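Working notes for the structure below.
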Amino acid sequence: MLSKTIEQVERLALCMKPERAIGLLSSLPASAIEAMQRARFRRTLRLAAEKSSFYREEFRRRGIDVRKIEHPSELGDFFTTGEDLREHGAEAFLTGRADTAFETTGTTSPAPKRAYFSQKEIDEIGRTSALALHLLGLRREDRVLSAFDCSFWISPVVVRSAFQYINCFHVEAGKIEPLEFYERALAYRPNVIFGEPSWIVRLSEIAEARGRWPLKFLFAGGENITETARAAVERVWHAPLYLNYGQTEAFGAIGIECKEKQGYHRNDLNFIFEIVDEDEEGYGELIYTTLTRDVMPLIRYRSTDITRLVDEPCACGLFARRIGKIRARADEMVVCGMGNVGPWVFAEILSDVLTPGADWQAVVKNEGHRDVIELRVEMDDLMSQGDVESRVRSNLRERFADFWRNHEMKLYELEVAAYARGTLRGGRKLQRVVDKRQMLLRRVV
């Protein structure tokens, strides 16, 4: 009953002006939301224990009686990981009939993870996403062009569902060359553009050189962006750039920025969030449990993203609390202009390039407004750097077509730096992928 009431409030808010919608949503008592979360969690936990072969066996092996569990934190050291999805297969997590599936390679392994969903779940997340976009100002009279990559990725489906609730004009261009997008967009004159941050940065460089048109806002997801690069995009278009935070496993719907851009307002109606292994500032790994998934629920899923939960009220007035901007990855995977890259990517690129015993390290930086991948390679002969760089680029082109395509679109720069043998490893273990970009200029989050 409580869930139905809150869903009716969501639908009603979608028909209101943002200010009234915020007021309506903020009138929901925190106690009511928490009670709804616990009720949904108990239902989800029992569904998983009954119908998912993975959870049924894990709970049996660990002696967990789900009838006694009221909150995810009571499960102790039990977590679900990306490795579980790959090792056991998505089918072991299914609890209902699926209508569609998506994949993600955002891990340290080349094997993709698959996540399954129903059409009902697509409709529900579309309604929630539409509400968030409505609060950012998206309306029926707006014209949207989306450049989200449609290849096995969840984001195009989520935003398409949201647009249907808002009933605005929209065209899906896919992740084509920014220059081609710019030229073809002139016929539509969109006032809202969706895309990945690095792609939007490149589009903005083209618009700065060739001329812009009026935009209401830009919306990005799929990777992080420095505040310097965001400011450059906003300066070109004279419009704000808002960010979404999500994962394919979570249906891309974990949180979204408001106009204050002080962290992601988290989706507490569909998730319970936790932080584990916190440091003195409250930063740790984000853990989430799905609450409304009937096809493939996830219990205490380790996101591998390092962030913190922000419980202080936001100046926008929205009831939803926030997730801070992602500070790092726990698994050395980095999301950047190159794509979702981890140690295995660079190991494959260098597999027939390195001499035996030579070390390497990939450093992600941001110079100006574009990500730079500096591949540091130990060499016997430092004068051979040119040959090594040529072979690296050749391997990248032949073995990772998508990453090479992003390079051709100028979404990132690739540099090879020569190091003498034995100079990269300062201790017992060498961190293979290092993200040195400055993401956190806003101190609040």
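Would you call Ser161 under 22 Å from the mean Cα position of the chain (by Cα) and assigned to a helix (DSSP H, G or I)? Outline the logic, then answer.
Working: under 22 Å from the mean Cα position of the chain (by Cα): yes; assigned to a helix (DSSP H, G or I): yes.
Yes; evaluated as a whole, the condition is true for this residue.
Criterion first (part of a helix (DSSP H, G or I), buried (at least 24 other Cβ atoms within 10 Å of the Cβ), more than 15 Å from the chain's Cα centre (by Cα) and assigned by TED's automatic domain parsing to the domain that holds Arg40) does Val201 satisfy it? The answer is yes for Val201. Residues being touching a Leu at 6+ places or on another chain (Cβ under 7 Å) and either closer than 30 Å to Lys120 by Cβ or outside the structural domain of Lys120 (by TED's automatic domain parsing) (or both) are represented in the stretch 171-189 by at least one member. Restricting to helices (runs of 4 or more DSSP H) lying wholly in the stretch 53-150: which have 1 or more residues that are without any contact (Cβ under 8 Å) to a residue 24 or more places away in the chain, crowded, with 20+ Cβ neighbours inside 10 Å and more than 20 Å from the chain's Cα centre (by Cα)? Per the criteria, 53-62.
Yes or no, residue by residue, for (1) closer than 30 Å to Ile166 by Cα; (2) modelled with pLDDT under 95:
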| position | (1), (2) |
| --- | --- |
| Glu58 | no, no |
| His71 | no, no |
| Thr80 | no, no |
| Thr100 | yes, no |
| Ile122 | yes, yes |
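Can you find, within the stretch 164-180, the residue that is farthest from Ala401 (Cα to Cα) among those that are buried (at least 17 other Cβ atoms within 10 Å of the Cβ) and in contact with a Gly (Cβ under 8 Å, 6 or more places away or on another chain)? Only one residue tops the list, namely Tyr165. For the stretch 209-231, a tally of residues being part of a helix (DSSP H, G or I) and surrounded by 19 or more Cβ atoms within 10 Å (Cβ to Cβ) returns 2.
Conditions tested, residue by residue: (1) surrounded by 15 or more Cβ atoms within 10 Å (Cβ to Cβ); (2) assigned to a strand (DSSP E or B); (3) out of contact with any Leu (no Cβ under 7 Å at 6 or more places or on another chain); (4) of a type in the set (A, V, I, L, M).
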{"site": "Gln361", "(1), (2), (3), (4)": "yes, yes, no, no"}
{"site": "Asp371", "(1), (2), (3), (4)": "yes, yes, yes, no"}
{"site": "Gly386", "(1), (2), (3), (4)": "no, no, yes, no"}
{"site": "Ser394", "(1), (2), (3), (4)": "no, no, yes, no"}
{"site": "Glu398", "(1), (2), (3), (4)": "no, no, yes, no"}
{"site": "Glu413", "(1), (2), (3), (4)": "yes, yes, yes, no"}
{"site": "Val416", "(1), (2), (3), (4)": "yes, yes, no, yes"}
{"site": "Tyr419", "(1), (2), (3), (4)": "yes, yes, yes, no"}
{"site": "Gly426", "(1), (2), (3), (4)": "no, no, yes, no"}
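So, Glu348, is that one touching a residue at least 60 places away in the same chain (Cβ under 8 Å), under 30 Å from Gly263 (Cα atoms) and of a type in the set (Asp, Glu) or not? So Glu348 fails the test.
Taking first residues from the stretch 197-222 that are at pLDDT 95 or above and partners that are among the polar types (S, T, N, Q), the Cβ contacts under 6 Å between residues at least 6 apart in sequence or on separate chains come to Leu215/Asn191; Lys216/Asn191.
Results for (1) farther than 30 Å from Leu179 by Cα; (2) assigned by TED's automatic domain parsing to the domain that holds Glu257, shown as yes or no for each residue.
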residue: Cys314; (1), (2): yes, yes
residue: Gly317; (1), (2): yes, yes
residue: Asp359; (1), (2): yes, no
residue: Asn366; (1), (2): no, no
residue: Leu375; (1), (2): no, no
residue: Arg397; (1), (2): no, no
residue: Trp404; (1), (2): no, no
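Looking at the stretch 150-167, can you tell me whether even one residue there is among the aromatic types (Phe, Trp, Tyr) and more than 22 Å from Asp99 (Cα to Cα)? Within the stretch 150-167, not a single residue is among the aromatic types (Phe, Trp, Tyr) and more than 22 Å from Asp99 (Cα to Cα).
In this structure, Ala250 does satisfy being in contact (Cβ under 8 Å) with a residue 12 or more places away in the chain, within 30 Å of Ile122 (Cα to Cα) and surrounded by fewer than 24 Cβ atoms within 10 Å (Cβ to Cβ).
Of the residues that make up the stretch 179-187, is at least one closer than 21 Å to Thr100 by Cα and either assigned to a helix (DSSP H, G or I) or among the polar types (S, T, N, Q) (or both)? Spell out the reasoning first.
Kept after step one, since they are closer than 21 Å to Thr100 by Cα, are these residues of the stretch 179-187: none.
No, the stretch 179-187 contains no residue that is closer than 21 Å to Thr100 by Cα and either assigned to a helix (DSSP H, G or I) or among the polar types (S, T, N, Q) (or both).
Evaluating Trp153 against the criteria (1) assigned to a strand (DSSP E or B); (2) closer than 30 Å to Ser53 by Cα leaves one unmet condition, (1).
The values are calculated or read from the model by the stated rules, or taken from the named source; none is laboratory data. Values in this document were obtained by computation on a predicted structure and should not be read as measured data. Don't worry about glycine lacking a Cβ; one is built from the backbone with ideal geometry, like all the others, and counts go over all protein chains shown.
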